[in-house]
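Have a look at the structure below, then the notes.
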Amino acid sequence: MQINLHIKYLDKTEKDVSAVAADLVAFESKFNISVAALSSETKLTHLFFLAYAVEKRTGGIKDISFEKWVETIETVEAGEAKK
């Protein structure tokens, strides 16, 4: 399972990322809910955290807390499936 996301930063850069198993496990550990719950109870915080987890895992960000990272974000949206 993977979740594709589109990140828009406040500096107007944009990035497409894919949340994979490690990111999904981090999500479930942080929120103590199943990723499957996203289909019925999606909160912005959930999408932002998944994007943060991907950026952290892939080295897109370093040594920044989730709260500080969110201060640099305009929005995170569900992305298109990659072909």
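Please report the spacing between the Cα centers of the range 1-32 and the range 43-83 in Å, no decimals. Centre-to-centre (Cα) distance: 5 Å.
Taking all Cα pairs closer than 8 Å and separated by 6 or more residues, the relative contact order of the chain comes to 45 percent. Solvent exposure of the chain amounts to 63 Å² per residue of accessible area, where only protein heavy atoms count and the probe is 1.4 Å.
With a 1.4 Å probe rolled over the protein heavy atoms of all chains, the accessible area of ASP11, ASP63 falls in the order ASP63, ASP11, largest first.
Taking all protein chains in place and a 1.4 Å probe, what share, in percent, of the accessible surface of the chain do carbon and sulfur account for?
53 percent
For the pair GLN2 and SER65, how long in nm is the line joining their label points, each one 7 Å along Cα→Cβ? With each label point 7 Å from Cα toward Cβ, the separation is 3.2 nm. Largest accessible area first, the listed residues SER39, SER65, SER29, SER18 line up as SER39, SER29, SER65, SER18 when surface is computed with a 1.4 Å probe on the assembled protein chains. Accessible area of GLU71 (1.4 Å probe, protein heavy atoms only, ligands and nucleic acids ignored): about 120 Å². The largest accessible area among ASP16, ASP23 belongs to the first residue in ASP16, ASP23, and the rest follow in falling order (1.4 Å probe, all chains).
Against the chain, whose longest principal axis comes from its Cα atoms, helix 21-31 is set at around 80 degrees.
The values are calculated or read from the model by the stated rules, or taken from the named source; none is laboratory data. No experiment lies behind these values; they were computed from the predicted model shown. Glycine gets a Cβ as well: all are built from the backbone with ideal geometry, and neighbour counts include every protein chain shown. The accessibility values were calculated without ligands, DNA or RNA, using every heavy atom of the protein model including side chains. Shrake-Rupley method; radii C 1.70, N 1.55, O 1.52, S 1.80 Å.
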